[in-house]
1. Not counting the cut sites, what is the longest span of the chain without trypsin sites (Lys or Arg not before Pro) that DSSP labels loop and that have at most 12 other Cβ atoms within 10 Å?
2. Evaluated at 37 °C with a viscosity of 0.692 mPa s, what Stokes-Einstein diffusion coefficient in µm²/s does the stretch 59-99 have when Rh comes from the Kirkwood expression over alpha-carbon pairs?
3. Rank these for me by crowding, VAL36, VAL68, going from fewest to most other beta carbons within 10 Å.
4. For labels at ALA72 and LEU49 in the simple 7 Å Cα→Cβ model, what's the distance in nm?
5. Under a GNM of the chain (C-alpha, springs under 10 Å), which listed residue has the highest mean-square fluctuation: ALA80, ALA69, ALA29?
6. Across the stretch 70-77, in residue order, what do the Karplus-derived ³J(HN,Hα) couplings come to in whole Hz, using 6.51 cos²θ - 1.76 cosθ + 1.60 with θ = phi - 60° and x for Gly and Pro?
7. As a test of the formula, what do you get for the chain when each DSSP H run with n ≥ 4 contributes -39,500 (n - 2.57) and the sum is divided by the residue count, at 222 nm and rounded to the nearest 500 deg cm²/dmol?
8. Rg over Rh of the chain, using C-alpha atoms and the Kirkwood radius, what does it come to?
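Just so it is clear, none of the values below were taken in a lab; they were calculated from the coordinates. Bear in mind the structure is a predicted one, so any value in this text is a computation, not a measurement. Using ideal geometry, Cβ is built from the backbone for each residue, glycine included, and neighbour counts are taken over all protein chains shown.
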Amino acid sequence: MDFNQYQDAAKRTLYGNEQVLTNCALGLAGESGQVVDLVKNYTFRGRKLDRQQLIHEMGDVLWYLSQVAEWADIPFDEVATTNIEELNKRYPQGFKKQN
């Protein structure tokens, strides 16, 4: 599945037409926080990193991000492609730790 197919399939479950952008942006922040909590608990509290829960939360982040793009009439593939192009310009040799 490519990103545009995902975006199209995901919008089937988008609810409402008022304040959709605000709802999606707040949802994105909340779900990102869930990812952060999983990593924090693994890193600082010695908990096992629950791979399935991480996949679930990352999927929720992806859904909200795709719907922000949908609201703004931005093909999701364009978001991914533009990001890779920017990374290639910024790090043409890949990322290397500086001394």
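1. On the way: sites that count: ARG47, LYS48, LYS96, LYS97.
It works out to 49-95.
2. Numbers: Rh = 11.9 Å.
Using the Kirkwood radius from Cα pairs, D works out to 277 µm²/s.
3. Numbers: VAL36 11, VAL68 18.
Starting with the residue having the fewest Cβ neighbours, the order is VAL36, VAL68.
4. Each label point lies 7 Å from its Cα, and together they span 2.8 nm.
5. Fluctuation is largest for ALA80.
6. Residue by residue, the stretch 70-77 yields 4, 4, 8, 6, 10, x, 4, 4 Hz.
7. Helix-only estimate at 222 nm: -24000 deg cm²/dmol.
8. Working: Rg = 16.2 Å, Rh = 15.5 Å.
Rounded to two decimals, Rg over Rh is 1.05.
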